Amino acid sequence: MACKWWLVGNAAVPDDKVVVMGGSSGGDMALAAEAFAPDEFAANVDYFGVSDLKTVMAVDRMKRPLLVVQGDHDPRFTKDHLGRIVEGLRARKVPVEYLVLDNEGHGFSSTDSMLRAYGATDAFLDRYLLGGRGP
């Protein structure tokens, strides 16, 4: 959260427009921000996040829009594990978008996968940060 407040205080970033986004351990950070600091960030983006049981159990605290991108063959974080988080959020009507990339493991291996993930991220951020008024 210190990084958020540095951006707000020093870079003129509006405090309601800060997003946590990352891949692998950074994706875990996005999930942790969603679970343990649900009022701090506008939204969160998780690419191939390696979550733990504490994050799964904190699903009832999550409330910000969340985009999750995962490979269908990820050996570190299975679809079953992440599916529980996604389904829990959907049941509570929390905005969550879930993109499963075919023939991907833990990371991007093809240009097509990167384009799909970045396109989904662009649309997600446009929807939840700009209200659909993107450039």
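Throughout, read-outs are computed from the coordinates displayed, never taken from laboratory work. Keep in mind the model is a prediction, meaning the values are calculated, not measured. Please note: Cβ atoms are built from the backbone with ideal geometry, for glycine as well, and neighbour counts cover all protein chains shown.
Skipping prolines and chain starts, which residues have an amide H placed within reach, meaning under 5 Å, of the one on Val18, given they are 5 or more residues away or on another chain?
It is Ala42, by chain and number.
Expressed as an acute angle from 0 to 90° and rounded to the nearest 10, what is the orientation of the C-alpha long axis of helix 79-91 relative to the principal long axis of the chain?
50
Springs between alpha-carbon atoms under 10 Å, Gaussian network over the chain: tell me which of Leu67, Leu31, Leu101 tops the mean-square fluctuations.
Of the options given, Leu101 has the highest mean-square fluctuation.
Listing His73, His106 from the residue with the fewest other Cβ atoms within 10 Å to the one with the most, what is the order? List each step's numbers first, then the result.
Working: His73 13, His106 18.
Ordered by Cβ neighbours within 10 Å, fewest first: His73, His106.
Could you state the angle between the C-alpha long axis of helix 111-129 and the longest principal axis of the C-alpha atoms of the chain, as a value from 0 to 90 degrees rounded to the nearest 10?
It is inclined by approximately 40 degrees.
Which whole-Hz couplings ³J(HN,Hα) result when phi for each residue of the range 34-47 is put into the Karplus expression 6.51 cos²θ - 1.76 cosθ + 1.60, θ = phi - 60°, listed in order with x for Gly and Pro?
4, 7, 10, 9, x, 9, 8, 10, 5, 6, 9, 10, 10, 9
Please count, across the chain, the pairs of lysine residues with Cα atoms under 24 Å apart that sit 8 or more places apart or on different chains.
11
Out of every Cα pair in the range 23-129, what percent are spaced more than 18 Å from each other?
Value for the range 23-129: 42 percent of Cα pairs lie more than 18 Å apart.
Work through the residues other than Gly119 whose Cβ is under 11 Å from its Cβ and net out their charges, Lys, Arg +1 and Asp, Glu -1.
-2
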